[in-house]
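The structure appears below as structure tokens.
The values are calculated or read from the model by the stated rules, or taken from the named source; none is laboratory data. Here the structure is a predicted model, which means the values were calculated and not measured. Cβ placement follows ideal geometry from the backbone for every residue including glycine, while neighbour counts extend to all protein chains displayed.
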Amino acid sequence: MLYLCIPSHNEAPTIGVLLWRIRKVFREFSREYEILVYDDASTDGTSEVLAPYHKVLPLTVLRGEQRVGYARAVDALFRAAAQRTRYPRRDAVVLLQGDFTDQPEQLPELIKRFEGGADVVVAETAAVASAPAAVRSLGTWARRAAKLWPVRAQLSVPGVADPFGTFRIFRITVVRDVLRAAGEAPVTEGPVRVANLELLRRASALARRVESVTVEPRYDVRPRDTRVQVWPDLKAIVQAGWAARKRRAVTPA
């Protein structure tokens, strides 16, 4: 079983079409799947858009009445998938965005890597001309920050060129190990890119094999503006690196 986990906040213009595209992919690439959407207190009609899809798709919507943010939404989705699975060694969580940036049509290649034995599969985003200026700028500065010697180890994952993306597959045995290590705390924290980095670092440390696939994101079909804020997001990334370095320094050998 593949649990497609989609954190969503105010994605009414895209979430319904995204679900339909997922349905089309799995009609041609037959696999068992369930879609889990975390509706993070959307105010734009996202819940109304999702409602009719219950009739035609294996869909579960987790509704948050108060905004919790991306990291807590991912935590809730991971816990829901881990509770549902019957075969954790065979099942997986697929994490993707609800705004068309991550393309469902690229799922078969990622799934093949998972079925080939990878515990974590990372979709690394190639640079594309259609990316908003803020996305390109943050990507450039984040890569530079990740090369700084004091925090280089904390802002990178071995074998992964882009540790900040959202489009990934995690074997549920790894998800359960991450949840077990987190205990009552969330599996990841911070703004989107920091949360993605921390989640990947934790999962990779528990995985037997991590593989990467280069994909091209689509920004030209997304109706809303990017939510990237270059300097606040970059500051959060660097601060996360320093915080992780300090925690490592005070941890007994």
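Which ones in the stretch 45-72 are in contact with a Phe, Trp or Tyr (Cβ under 9 Å, 6 or more places away or on another chain) and either touching a residue at least 60 places away in the same chain (Cβ under 8 Å) or acidic (Asp, Glu) (or both)? Passing the criteria: only ARG72.
Go through the stretch 144-177 and give me each residue that's assigned to a helix (DSSP H, G or I) and farther than 23 Å from LYS112 by Cα.
Within the stretch 144-177, the subset assigned to a helix (DSSP H, G or I) is 144-146, 149-151, 153-155, 172-177.
Of everything in the stretch 144-177, those that are assigned to a helix (DSSP H, G or I) and farther than 23 Å from LYS112 by Cα turn out to be ARG144, ALA145, ALA146, TRP149, PRO150, VAL151, ALA153, GLN154, LEU155.
Residue check: ARG86 meets all listed conditions (1) charged (D, E, K, R); (2) in contact (Cβ under 8 Å) with a residue 40 or more places away in the chain; (3) part of a strand (DSSP E or B) but one, namely (3). Consider PRO104 carefully, then state whether it is surrounded by fewer than 18 Cβ atoms within 10 Å (Cβ to Cβ), in contact with a helix residue (DSSP H, G or I) (Cβ under 6 Å, 6 or more places away or on another chain) and either closer than 20 Å to LEU200 by Cα or touching a residue at least 40 places away in the same chain (Cβ under 8 Å) (or both). Taking the combined requirement at face value, the residue does not satisfy it. For VAL121, are the conditions met, namely being buried (at least 20 other Cβ atoms within 10 Å of the Cβ), in contact (Cβ under 8 Å) with a residue 12 or more places away in the chain and either not basic (Lys, Arg) or not in a loop (DSSP other than H, G, I, E, B) (or both)? Yes, satisfied. For the stretch 1-44, the set of residues classified as surrounded by 18 or more Cβ atoms within 10 Å (Cβ to Cβ), more than 21 Å from ARG171 (Cβ to Cβ) and either aliphatic (A, V, I, L, M) or without any contact (Cβ under 8 Å) to a residue 24 or more places away in the chain (or both) consists of ALA12, ILE15, LEU18, LEU19, VAL37, listed by residue number. Evaluation of GLY98 against the conditions (1) closer than 22 Å to LEU36 by Cβ; (2) outside any loop (DSSP other than H, G, I, E, B); (3) touching a strand residue (DSSP E or B) at 6+ places or on another chain (Cβ under 7 Å) shows that the sole unmet condition is (2).
Can you say whether PRO217 is modelled with pLDDT under 70 and part of a loop (DSSP other than H, G, I, E, B), as far as the supplied structure shows? No.
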